[in-house]
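Here's the structure, in structure tokens; my notes come after.
The values are calculated or read from the model by the stated rules, or taken from the named source; none is laboratory data. Here the structure is a predicted model, which is why all the values come from computation and not from measurement. A quick note on method: Cβ atoms are made from the backbone with ideal geometry, for glycine too, and the neighbour counts reach across all protein chains shown.
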Amino acid sequence: MNHKLVLATESQYKKNILKRLQIDFLSDAPEIDEVPLQGESAKALTERLARTKATVVALRHPDKIVISTDQSASIFGEILEKPKEETKALKVLETLSGQQVSFFTTVGFSAPGQSVKVHTEEVVVTFRQLEETEILRYVARDRPLDCAGSFKVEGIGIGLFNAVESRDPTALEGLPLIRLCQWLRDHGFKIP
């Protein structure tokens, strides 16, 4: 039996990814505290937040399937936050230059009468050695101020990389579609 879908975010990036499946959905942001807990790893953070987002939105839409997602990254044991300011984005990219960074993207799934499921994909990104002029030019063009890692892979941010290692290419964009498609098929959706 097909239920209407609710995407637990107002993020245009996440909406655009889900639209690829050509399934109608609503969006409803849970507005939760996303501050990492003391000592929490990037992976644990994304799993906790995706589960919480799905749970909160499912309470408001008990008859619908709720999809949530969260993404974080870490380098040298530190969680990378969204820079929000140009100077912070420049500093983050200077730090990431020539480094390997692990990005964790968790998709949450809440169906009526079932407990919330979560699945996490790790994506390892190897950044090129970036020159200061490249970093300045990139941030001015793509404005990645609302992105963990200070880049938009769906934009020209791909030009910052030497390599990307992942089982699901959509995970780095913010919503792992391979696992999500399986869960939706399990609930009667015809994909493709």
*Restricting attention to the stretch 134-184, report how many residues are within 20 Å of K15 (Cα to Cα), out of contact with any strand residue (DSSP E or B) (no Cβ under 7 Å at 6 or more places or on another chain), among the charged types (D, E, K, R) and part of a helix (DSSP H, G or I).*
1
_Taking the conditions exactly as written (under 25 Å from V6 (Cα atoms) and in contact with a Lys or Arg (Cβ under 6 Å, 6 or more places away or on another chain)), does G108 satisfy them or not?_
yes
*Hey, among I32, I67, I79, which residue is within 23 Å of S150 (Cα to Cα), touching a strand residue (DSSP E or B) at 6+ places or on another chain (Cβ under 7 Å) and outside any helix (DSSP H, G or I)?*
I79
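Matching residues to (1) over 24 Å from R20 (Cα atoms); (2) touching a residue at least 60 places away in the same chain (Cβ under 8 Å); (3) touching a Ser or Thr at 6+ places or on another chain (Cβ under 8 Å):
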position: A50; (1), (2), (3): no, yes, yes
position: V57; (1), (2), (3): no, no, yes
position: S68; (1), (2), (3): no, yes, yes
position: E94; (1), (2), (3): yes, no, no
position: F104; (1), (2), (3): no, yes, yes
position: E122; (1), (2), (3): no, yes, yes
position: R137; (1), (2), (3): yes, no, no
position: C147; (1), (2), (3): no, yes, no
position: F151; (1), (2), (3): no, no, no
*Do we find that A58 is of a type in the set (A, V, I, L, M, F, W, C), touching a Leu at 6+ places or on another chain (Cβ under 9 Å), surrounded by 16 or more Cβ atoms within 10 Å (Cβ to Cβ) and not in a strand (DSSP E or B) in this structure?*
no
_Test set (1) loosely packed, with under 15 Cβ neighbours inside 10 Å; (2) of a type outside the set (A, V, I, L, M, F, W, C); (3) within 18 Å of the chain's Cα centre (by Cα); (4) under 22 Å from I158 (Cβ atoms) - P83 fails condition number_ = (1)
_Candidates K82, K117, filtered to the one that is touching a residue at least 12 places away in the same chain (Cβ under 8 Å), closer than 18 Å to A42 by Cβ and not aliphatic (A, V, I, L, M)_ = K82
*Does G157 satisfy being surrounded by 14 or more Cβ atoms within 10 Å (Cβ to Cβ), modelled with pLDDT of 95 or more, over 19 Å from K64 (Cβ atoms) and among the small types (G, A, S)?*
yes
*Assess whether T87 counts as being of a type outside the set (A, V, I, L, M, F, W, C), at pLDDT 95 or above, under 15 Å from S74 (Cα atoms) and not in a loop (DSSP other than H, G, I, E, B).*
no
_Among the residues that make up the stretch 114-121, is at least one of them within 17 Å of A54 (Cα to Cα), part of a strand (DSSP E or B), polar (S, T, N, Q) and touching a Leu at 6+ places or on another chain (Cβ under 9 Å)?_
no
*the stretch 4-24: number of residues that are surrounded by fewer than 12 Cβ atoms within 10 Å (Cβ to Cβ), under 15 Å from H187 (Cβ atoms) and not acidic (D, E)*: 0
